[in-house]
Every structure is written in structure tokens, then in C-alpha cells.
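Peer 1: Here you go, one structure.
Just so it is clear, none of the values below were taken in a lab; they were calculated from the coordinates. None of these values were measured; they are calculated from a predicted model. For neighbour counting, all protein chains shown are included, and Cβ atoms are generated from backbone atoms with ideal geometry for every residue, glycine included.
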Amino acid sequence: MEILTVAVGTLNPVKIAATREVIHFYWPRARVEGVDVPSGVSPQPWGVEEMLRGARHRAERARALLDADLGVGMEGGVEDIPQAGGVFLSGWAAVVTRSGRVSFGSGGRVLLPPRLVERLRAGEELGPAMDVLSGQVNTKHTVGSVGILTRGFVKRGSQFAVALAYALAPLLHPEWYGEMDDG
């Protein structure tokens, strides 16, 4: 499958750069453009279901707005995993083809500190809460919480790049995956 145009459902420079990195690895001539679309979910998504819904919504809307070959949506959020020790940060990517086929991938999880979780449960969003905790400014558009928590080893863009690469696997290997989910 040749991809010439990719619409990313965000204007966040970290997510657009991550998308460009991955897309240009597979399709060097593709044009990647960000577009401002709503996520369709709460400002601080909780749980996998909400993150998947937000990523898919962003991918579908962006693809339609730019009439692109591929739409990409990325949604970060948090999820309670008590068996693993608490609340985790994770990020998901969705890709939507021109025909409407959808695929998802996740970039991993990191345990959030209890002081940060308290702020989230009180209604704050992760980015501003991490800014307060770390003393940094606008971390969601730079290193992200994952970058702060791993002292720079894992960058926010890297997490989303991995999620996108995983989401693309069915497109890259249709002979193994068969038809992707249409709905």
C-alpha cells in the first residue's frame, strides 16, 4: 500500500514529529500534516476504552478533513492497574485508512507517583499537574511526563512513535493479519 498523505489529529508538535518519523521510515515521500480536531473524550482520559475512543476519533476526523490516505490519532491517558501497583500513564495510536479500516497500538506504561495521582483524582490534567510537581513548564508539548519520570531516557515522542509503529503492523503485513477491522 502506497501512502502519500497522512493527517494527524493534533497540532501538538511532539505527536506530529513522532508521526513524521514513523511514516517517513515506511513512506519517505508521504506528506504528514497536523490538523486541530477534538478528541471526543474528556481532557484527562481514564482507562483504555477512553484512550482508544479518543485516538480513533482523532484519526477519523483528521483523515476526513484533509482527505488523506491515512489518518493518525494519538491519545495519552491514565489507567488503574491495581495488580501492578497503581495508576499508570499510557499512550495509544490509531490509524484509519481511506476505506475506514482501523488499527491500534500502544506505546507502553509507566507507574505514576502517588502525589501526581492525587492531583489527577482531584480533577487536574496530567500535563499541568506534572508541570507543578516537576517545576517545569508545558511539559506535555516537550518531554512529557514519561520523559520526566524516566529522567529523559524515554521521550514522549518515542512512546507515541512506538504506538504508531505497532498500529501500522496490520497495514505493513496484510498477508498475516488479513482484513483489518472495519468498525
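Peer 1: Using a/c under 1.5 as the rounded threshold, could you call the stretch 95-183 rounded, prolate or oblate? The axes a ≥ b ≥ c are square roots of the C-alpha gyration tensor eigenvalues, and prolate needs a/b larger than b/c, oblate otherwise.
Peer 2: prolate
Peer 1: Under 8 Å for C-alpha pairs, at least 6 residues apart: give me the relative contact order for the chain, rounded to a whole percent.
Peer 2: RCO, the chain: 21 percent.
Peer 1: Calculated FRET efficiency, Glu49 and Leu111, Cβ-Cβ r, R0 25 Å, to nearest 0.05?
Peer 2: Once rounded, the FRET efficiency stands at 0.75.
Peer 1: If you add up the charges near Val95, with Lys and Arg at +1 and Asp and Glu at -1, over every other residue whose beta carbon is less than 10 angstrom from its beta carbon, what do you get?
Peer 2: Once positives and negatives cancel, what remains is +3.
Peer 1: Sticking with this one: Apply the a/c threshold of 1.5 to the C-alpha gyration tensor of the chain and tell me whether it is rounded, prolate or oblate.
Peer 2: prolate
Peer 1: Here's something else I'd like to know. Would you list the membrane-span-like helices of the chain, meaning whole DSSP H runs whose alpha-carbon atoms span at least 18 Å along their axis and whose mean Kyte-Doolittle value is at least 1.0?
Peer 2: Qualifying helices: 156-172.
Peer 1: Do the sum for the chain: with -39,500 (n - 2.57) for every DSSP H run of n ≥ 4, divided by all residues, what is the mean residue ellipticity at 222 nm, to the nearest 500 deg cm²/dmol?
Peer 2: Dividing the helical sum by the residues of the chain leaves -12500 deg cm²/dmol.
Peer 1: Just subtract the alpha-carbon distance of His141 and Leu11 from 0.36 nm times their residue separation and send over the number in nm, one decimal.
Peer 2: Between His141 and Leu11, full extension yields an extra 45.8 nm.
Peer 1: Considering the Cα trace of the stretch 19-106, what is its radius of gyration and what is Dmax, both in angstroms?
Peer 2: 14.0, 44
Peer 1: At 0.36 nm per residue, and after removing the present C-alpha to C-alpha distance, how many nm does the segment from Tyr26 to Ala169 gain when stretched out fully?
Peer 2: Full extension from Tyr26 to Ala169 adds 50.4 nm.
Peer 1: To continue, here is another question. Tally Lys/Arg at +1 and Asp/Glu at -1 over every other residue whose Cβ is under 10 Å from the Cβ of Met130; what's the total?
Peer 2: Net local charge, Met130 excluded: -1.
Peer 1: Okay, moving on. Packing-wise, with mean Cβ within 10 Å as the measure, how do 131-142, 28-39 rank, highest first?
Peer 2: Taking the mean over residues of other Cβ atoms within 10 Å, the ranking is 28-39, 131-142.
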